[in-house]
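Below is one structure, written out as structure tokens, with a few remarks after it.
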Amino acid sequence: MLAMSTALGAGLLHNAAGEPPPVLSPYAESDTVESEAPLSASPILLLINEHSDNPFGLYLAEILRVEGLACFQVARLSAANESTLDACGIVVLAEGPLSRAQVELMERYVARGGRLVAMRPDAHLAPLFGLERAAGSLVDGYLQVAPDHPVGEGIVAEALQFHGMADHYRLAGAQAVAWLASTRDTLTAFPALTVHRYGEGHAALWAYDLARSVAYTRQGNPAWVNQERDGASFIRASDMFVDWLDLDCLAIPQADEQQRLLANLLSGTGLGREACPLPRLWYFPSDAETMLVATGDAHQNPASAVEDVLRRVEARGGHMSIYYAPPLSSGWRRAARKAKRWVEGLPLVADLVANPVAPPVPAQVADWRGRGHEFTLHPYVDEDLETGWYDHWREFTGLGYGPVSRTVRTHRVLWTGWVETARLQASYGVRLNLDYYHWGPAFCRNTDGCTYGHLTGSGLPMRFIDQRGRVLNVYQQLTQLADEHLLAVAGGPAQLTAEDAVEVSRALLNHSMAGAYSAVVAQFHVDPFASSGAFATEAIRWIEGTLDCAVAHNIPIWSAEEWLRFTEVRHNAVFESVEWRSANQCLEFHLAAEQIPGVVLSLMIPRWCEEKMLHQVEVDGQRVRHRERKVGGVEYGWFPVEAGNRYVAAIYG
């Protein structure tokens, strides 16, 4: 008996130490940047200039993926020659200087009928774009889409912020798609985006680098890292947006709108009608027009409180992520707590020792996961980022709550560096970060109250990039709705009632369905469900009202884990062997995507090509129904398919 007790104790102590955290590369597998020609034919060729001092060129590949244009390849500019360029439908040129030979190569390519889109290109290319270089530049300004140009159709009429330097040009035959503006209300005489017919082809110029601008818009000002700027205690990612984000633009996903402007240009008629129709992936699963991602931080809350909030989500057909923070303890105390919770989880014992304030036991956690919810780590990093993660990982797994899943929100959403927090999380296997968080005085005015929306300029998941241009293997997803910001009873800066807070939720969801396509992440703290009185009453009204808004519009209510699973499948999906057969007016391609049960992707194919209309779509030889949908300025035939390897034929007539 003594030997058995000793063995059991040794096992508990071993488990109490917790799983050692993984040590993984934080960087994404790099896009293949081919060094040798020839390259295979592709609808889009992204050329990265290896001599550029701008490290963000490869981020254009992330932009193309987010926009669902998964039919591109990446190459170094030095690998480009006439045959490689001619084999591709559209060339996207990242920022950087060009040699005289490279300038002439681009001119010949477009003159022969090529289509070129360049980000803040070498000034020697100005004649190719129908422009004349003017003196000066504009830093961290705005762009305003020209209301009468078809490429800008579907893009918001309001001025949009960009970050970085935009060169000044004057029109010399080109058409302006958008204009630079020094303030939201002050247009300049210089274009931000132009298109031009040159010889038999077309060329489009972006006056600033879209990749750098999107990175800075999403991740904040790198010059302001580790600075307390919003007047609230502790350093958060939101501190990097004080005086960086125009609060009047907060309701607009500014980075997403500019990415959609690029998608309009590549998919529409801005570069001529001769281009092969480009298939695209829709942002959300199946026929969803937006998503509500339900999350809740739990700070040593009892299991009964977690169960209460999960049942309210389940009653509306949804799933939720719980980010749980147990108190840290010594090894022997952790072993004793784990043994106690294991015993309490036994069926015959549970009824005898049921305690409404008891913390979760592993059996309950397993049950929640079995019902489709996520239960994972909520680390405290107040003292030190690395120590906090290590200690909380071992505590969480040591109590039998493991495995730790791949999404996270940090306690108090504390943030280190420009991407240091994300880098550490990626090394622990985290793949979705929710620490960019709408909370605090930075989003409230002294006289006009608070503003709501997208502080990162985006409601879509996109991987982080560091200042050296390395893409991290973790997605940034903004948390737009937080009870601790909205509710007066929670001390929120907005000082709203639950009913008024629900109206904020409703407005954000409606805005997304109306064209600001976003996944809306909500923070429903578990803590109020462990209390009573006004705190609990308001929290219940807030969560139920927000969930009911989603149900009323058939908006999926997913956990962050489910959203990540879909995001990864969509991100990694590729359109292969894309071919336009002009003789029989047919677009053919293969969709290569990981096949995961329940994951449904929606495909979009331009409705018009060579003045013929899409009238039939076949998937794996079977005719499928498609419906018409306009995204941005492009009309599409739109249809869902189960993720996997699919052959698609789209017939025009």
Filter result for residue 535 (modelled with pLDDT under 95 and hydrophobic (A, V, I, L, M, F, W, C)): yes
Does residue 505 satisfy the condition of being within 24 Å of the chain's Cα centre (by Cα) and under 14 Å from residue 219 (Cα atoms)? no
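Out of the residues in region 68-78 that are outside any strand (DSSP E or B) and of a type in the set (A, V, I, L, M), state the one that is surrounded by the fewest Cβ atoms within 10 Å (Cβ to Cβ).
77
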Which numbered condition residue 89 misses (of (1) small (Gly, Ala, Ser); (2) under 19 Å from residue 211 (Cβ atoms); (3) not in a loop (DSSP other than H, G, I, E, B)): (2)
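Which residues, counting only those in region 276-293, are of a type outside the set (Ser, Thr, Tyr) and assigned to a loop (DSSP other than H, G, I, E, B)?
If the condition is that a residue be of a type outside the set (Ser, Thr, Tyr) and assigned to a loop (DSSP other than H, G, I, E, B), then 276, 277, 278, 279, 282, 284, 285, 287, 288, 289 are the ones that fit.
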Go through region 224-256 residue by residue and tally those that are surrounded by fewer than 24 Cβ atoms within 10 Å (Cβ to Cβ), within 21 Å of the chain's Cα centre (by Cα) and in a helix (DSSP H, G or I). 3
Filter region 543-591 for residues that are in a helix (DSSP H, G or I), of a type in the set (D, E, K, R) and in contact (Cβ under 8 Å) with a residue 60 or more places away in the chain; the one that is surrounded by the fewest Cβ atoms within 10 Å (Cβ to Cβ) is 548
Could you look through region 423-459, keep only residues that are within 30 Å of residue 25 (Cα to Cα) and basic (Lys, Arg), and pick out the one that is nearest to the chain's Cα centre (by Cα)? 431
Checking 514, 530 in turn, the sole residue that is among the hydrophobic types (A, V, I, L, M, F, W, C), more than 20 Å from residue 436 (Cα to Cα) and either free of Cβ contacts under 8 Å to residues at least 12 places away in the same chain or surrounded by fewer than 17 Cβ atoms within 10 Å (Cβ to Cβ) (or both) turns out to be 514
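Evaluate the following for residue 497: is it in contact (Cβ under 8 Å) with a residue 24 or more places away in the chain, surrounded by fewer than 19 Cβ atoms within 10 Å (Cβ to Cβ) and on the phi < 0 side of the Ramachandran plot?
Values: in contact (Cβ under 8 Å) with a residue 24 or more places away in the chain: yes; surrounded by fewer than 19 Cβ atoms within 10 Å (Cβ to Cβ): yes; on the phi < 0 side of the Ramachandran plot: yes.
Judged against the criteria, residue 497 is a match.
Kindly evaluate residue 594 against the criterion of being of a type in the set (Asp, Glu), closer than 19 Å to residue 573 by Cβ, surrounded by 14 or more Cβ atoms within 10 Å (Cβ to Cβ) and without any contact (Cβ under 8 Å) to a residue 60 or more places away in the chain.
Working: of a type in the set (Asp, Glu): yes; closer than 19 Å to residue 573 by Cβ: yes; surrounded by 14 or more Cβ atoms within 10 Å (Cβ to Cβ): yes; without any contact (Cβ under 8 Å) to a residue 60 or more places away in the chain: yes.
Yes.
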Do we have residue 65 as basic (Lys, Arg), surrounded by fewer than 22 Cβ atoms within 10 Å (Cβ to Cβ) and more than 22 Å from residue 571 (Cα to Cα) here? no
Give 171, 131, 125, 138 a once-over and let me know the one that is under 28 Å from residue 516 (Cα atoms) and aliphatic (A, V, I, L, M). 138
Hey, can you tell me all the residues within region 107-119 that are surrounded by 17 or more Cβ atoms within 10 Å (Cβ to Cβ) and in contact with a strand residue (DSSP E or B) (Cβ under 6 Å, 6 or more places away or on another chain)? 110, 114, 115, 116, 117, 118, 119
Number of positions in region 362-417 that are assigned to a helix (DSSP H, G or I) and either out of contact with any Pro (no Cβ under 9 Å at 6 or more places or on another chain) or closer than 18 Å to residue 236 by Cα (or both): 16
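The values are calculated or read from the model by the stated rules, or taken from the named source; none is laboratory data. Please read all numbers here as calculations on a predicted model, not as lab measurements. Don't worry about glycine lacking a Cβ; one is built from the backbone with ideal geometry, like all the others, and counts go over all protein chains shown.
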